[in-house]
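Below is one structure; the comments refer to it alone.
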Amino acid sequence: MWSNADVNQLRARDYLRADYIAALCETLSPLRATRSDDDPQMIVVDRDRDGVSFMSTPNFHEGDGPHRLSRSGTLRFGDSAHAEFRLKVPGPDRFILVRDGAELRFRYVDKAERWVGDAVLAGTYRDASGAEYRVGLDGIATFPGRRPFLYTLAMDHVMSPYDYIDGEKPDASWAISITRQRVSISDVSGDWPEETIASTPRWVLTRVTPPACEQGQR
């Protein structure tokens, strides 16, 4: 059974699927963490005068909705019968979509892109000369010789089949490879679909601090 009280306790903003979070923390790659099915990977919970709504995305590229609970406590994301789920709400920052006995678990992350960047990329680094680089939890990166800049570790890979970070300017985008030991950041040239990643990284940085995922912050 479900009740309005269960749904109304949910916090508003972004929720990520638990299996996406687990894959992200294992691979440190938003691209490789992306699930291959067509089910929602992120759901945005919102409230308005009509109550709680759910907007879903299966690919972090396009949203679908908003959707609202039926009187029987089901949610439908799409037109097919396979897109219908029963909702369970165990707490204010968790909910579960149930279909045919299988469960998709979702966790509240507030702002999804910020959470993903904080989990796998934010921290302190050094280059081969020992210079320090900071990638902040506040979304600001500080690199030697550059003004501090806003950054986002992208989740949308529909048009870019590689991990990348976006800076504060439209042309400030770099391909990135993230491991537990270091990150490599490379220039990207050309326009989609003929983009080219530079063969030599612009920055190769060694981690001073581990990913937040490894510190239990996931």
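Please treat every number below as a calculation from the coordinates, not as lab data. What you are looking at is a predicted structure, and each value in this text was computed from that prediction instead of being measured. For neighbour counting, all protein chains shown are included, and Cβ atoms are generated from backbone atoms with ideal geometry for every residue, glycine included.
Kirkwood hydrodynamic radius computed over the range 159-208 comes to 11.5 Å, based on all pairs of distinct alpha carbons. Against the chain, whose longest principal axis comes from its Cα atoms, helix 18-27 is set at around 20 degrees. Every pair of different Cα atoms in the range 114-215 enters the Kirkwood calculation, which places the hydrodynamic radius at 14.0 Å. Summed over all non-identical Cα pairs, the Kirkwood treatment of the chain gives a radius of 18.8 Å. The phi torsions of the range 136-149, fed into the Karplus equation with coefficients 6.51, -1.76 and 1.60 and a -60° offset, translate into couplings of x, 5, 8, x, 10, 9, 10, 10, x, x, 10, 5, x, 9 Hz, rounded to whole numbers, with Gly and Pro shown as x. Annotation: peptides 85-95, 100-110, ranked by per-residue average of other Cβ atoms within 10 Å with the highest first, follow the order 85-95, 100-110.
Under the combined filter of DSSP loop state and at most 10 neighbouring Cβ atoms within 10 Å, the range 126-177 retains these trypsin sites (Lys or Arg not before Pro): Arg146. I want to check the label-to-label distance for Thr206 and Arg47. Put each point 7 Å from Cα in the C-beta direction and report it in nm to one decimal. Taking the simple label geometry, Thr206 and Arg47 are separated by 5.0 nm. Going from the fewest other Cβ atoms within 10 Å to the most, the residues Leu97, Leu137 appear in the order Leu137, Leu97. Remark: C-alpha extents of the range 1-88 on the principal axes read 39, 28, 24 Å, sorted largest to smallest.
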